[in-house]
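Inspection log for the structure reproduced underneath, given as structure tokens.
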Amino acid sequence: MKRTVIAGVGHYVPENVVTNNDLSKIMETSDQWIQERTGIQERRWVSAEGEDSTSGMGTKAARNAIADAGLEPKDIDFIIFAPLSPDYYFPGPGVQVQENLGIDTIGALDVRNQCSGFVYGLSVADQFIKTGMYKNVLLIGSELHSGGLDKTTRGRGVSVIFGDGAGAVVLQASDDQSKGVLTTKLHSEGKHAKELALLGPATDRWVDRIIAENDPDDMSYYPYMNGNFVFKHAVTRFQEVILEALADVNKDASDIDLLIPHQANLRISQFVQKKMGLGPDKVFNNIMKYGNTTAASIPIALSEAKQEGRVKEGDLLCLAAFGSGFTWASALIQL
Ligand code: COA
């Protein structure tokens with residue numbers, strides 16, 4: 001059986017920085033409120049409609065990851081794209097990356113698991129690689145939230161949290177059994193589907209009726225989040241799914257060299273860090289700079305961690321995510 005190793009990582013974020021003080025000029029909020037509850041200081045939002053896109057940012061991150069792996073686009077033999085915010089309702093952005101990179105007609109799969117999408121995608125790629133079906137899988141997490149947020153006081157409970165950006169990895173088949181993806185754990189609990197969701201427009205709601213009603217107060221076009229409820233579930237599930245992965249490979253928390261949690265909220269990451277008995281140097285956080293970029297948050301963080309020398313060969317890397325669905329997931333990777 002092959003092993004799945006991370007051969008290259010890359011990210012891309014839009015240039016436009018939006019600080020908490022910038023937000024306080026367009027809605028009733030404050031730097032203090034946002035920092036105290038989320039740790040976020042600023043985020044990137046594309047500055048104008050059409051300037052960038054989920055597939056476009058994903059393509060840029062992908063090019064960086066492919067270069068980091070010392071490969072060329074033609075070496076990729078499968079694409080997995082994890083978006084919460086695709087350019088189009090359908091098709092998903094995987095096919096746009098295939099076209100943008102000028103790759104032959106290889107397969108492109110979209111994984112729709114929101115904040116857990118990257119770890120779900122990693123697990124899917126791992127199965128394809130282990131069985132020998134593909135050699136170089138390009139896995140992308142990319143999100144353009146800013147075009148879909150309610151940026152008025154009405155939407156402040158959600159809009160201050162989310163940011164735009166993309167991250168990507170090239171996952172590669174290896175015969176070296178001492179490294180690579182050791183395990184992945186995936187979970188879902190659909191009874192909480194509406195606690196963090198964007199319900200319309202969708203096939204569940206008749207589009208001709210939506211158009212006929214044309215209701216400016218129809219909030220279903222915007223993401224909804226039951227923040228306190230999500231928070232409570234997140235802190236429990238993060239810890240649970242990390243411990244499940246560790247137990248599967250006979251390791252414990254003290255074996256983790258770096259935990260990269262999905263960047264949902266700094267308070268969630270800090271809570272998990274304390275509960276797991278990890279030192280602050282064992283957890284990577286960059287939500288302060290980017291906000292919550294859902295499926296893109298882990299690969300952006302991984303790319304920055306590599307640039308900063310926070311991950312090195314021989315390290316045990318743990319990835320963990322929780323989000324809409326609810327879905328949650330973890331991965332342990334021996335670098
Ligand atoms: N600025 C100022 N005030 C705000 C605000 C903002 N951006 N957003 C909400 N408020 C107000 C609310 O209207 C409410 O006012 P009220 O008491 O007068 O009704 C008050 O602040 C408290 O709101 P609440 O939602 O209870 O705050 P909170 O302490 O639970 O923090 C979150 C809200 C969203 C930051 C927090 O619940 C959270 O981080 N949840 C998890 C979110 C998450 O991780 N999501 C992604 C998972 S993948």
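Quick notes
- Residue identified as assigned to a loop (DSSP other than H, G, I, E, B), loosely packed, with under 15 Cβ neighbours inside 10 Å and acidic (Asp, Glu) among Asp215, Asp208: Asp215
- Lone unmet requirement of (1) open to solvent by 10 Å² or more (accessible area, probe 1.4 Å); (2) within 12 Å of the ligand (Cβ to nearest atom); (3) on the phi < 0 side of the Ramachandran plot for Gln114: (3)
- Taken over segment 122-147, residues that are more than 16 Å from the ligand (Cβ to nearest atom), of a type outside the set (Val, Ile, Thr) and closer than 18 Å to Val5 by Cα amount to 14.
- Close pairs from segment 33-60: first not assigned by TED's automatic domain parsing to the domain that holds Val13, partner within 16 Å of the ligand (Cβ to nearest atom) and of a type in the set (A, V, I, L, M, F, W, C), Cβ under 9 Å, at least 6 apart: none
- Identity of the residue in segment 148-167, among the small types (Gly, Ala, Ser) and buried (at least 17 other Cβ atoms within 10 Å of the Cβ), that ends up nearest to the ligand (Cβ to nearest atom): Ser159
- Pairs meeting the criteria (first residue in segment 179-200 and over 22 Å from Ala245 (Cβ atoms), second residue part of a strand (DSSP E or B), beta carbons under 8 Å, at least 6 apart or on different chains) are Lys194/Tyr224; Glu195/Met225; Leu196/Tyr224; Leu196/Met225; Leu196/Gly323; Ala197/Tyr224; Leu198/Tyr224; Leu199/Tyr224.
- For segment 31-49, a residue qualifies if it is of a type in the set (D, E, K, R) and either near the ligand (Cβ under 9 Å from one of its atoms) or under 19 Å from the mean Cα position of the chain (by Cα) (or both), and the qualifying residues are Glu36, Arg37, Glu42, Arg43, Arg44.
- Flag if Asn21 is farther than 17 Å from Glu304 by Cβ and within 13 Å of the ligand (Cβ to nearest atom): yes
- Per-region count, segment 1-37, residues more than 27 Å from Leu139 (Cβ to Cβ), of a type in the set (Ser, Thr, Tyr) and either out of contact with any Asp or Glu (no Cβ under 8 Å at 6 or more places or on another chain) or open to solvent by 70 Å² or more (accessible area, probe 1.4 Å) (or both): 2
- Gly121 vs. criteria over 20 Å from Ile66 (Cα atoms) and buried (at least 24 other Cβ atoms within 10 Å of the Cβ): no
- For segment 61-84, the set of residues classified as open to solvent by 20 Å² or more (accessible area, probe 1.4 Å) and either in contact (Cβ under 8 Å) with a residue 24 or more places away in the chain or closer than 28 Å to Ala202 by Cβ (or both) consists of Arg63, Asn64, Ala67, Asp68, Ala69, Gly70, Leu71, Pro73, Lys74, Asp75, Asp77, Leu84, listed by residue number.
Yes or no, residue by residue, for (1) free of Cβ contacts under 8 Å to residues at least 60 places away in the same chain; (2) farther than 21 Å from Ile161 by Cβ; (3) assigned by TED's automatic domain parsing to the domain that holds Asn16:
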| position | (1), (2), (3) |
| --- | --- |
| Gln273 | yes, no, no |
| Asp281 | yes, yes, no |
| Gly291 | no, no, no |
| Thr294 | no, no, no |
| Gln307 | yes, yes, no |
| Leu316 | no, yes, no |
| Gly323 | no, no, no |
| Phe326 | no, no, no |
| Ser330 | no, yes, no |
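- Any hit, segment 219-227, residues being in a helix (DSSP H, G or I) and modelled with pLDDT of 95 or more: yes
The values are calculated or read from the model by the stated rules, or taken from the named source; none is laboratory data. The shown structure was predicted, so the numbers you read here are calculated from the model rather than taken from an experiment. For neighbour counting, all protein chains shown are included, and Cβ atoms are generated from backbone atoms with ideal geometry for every residue, glycine included. Only protein heavy atoms, including side chains, enter the accessible area calculation; ligands, DNA and RNA are left aside. Shrake-Rupley method; radii C 1.70, N 1.55, O 1.52, S 1.80 Å.
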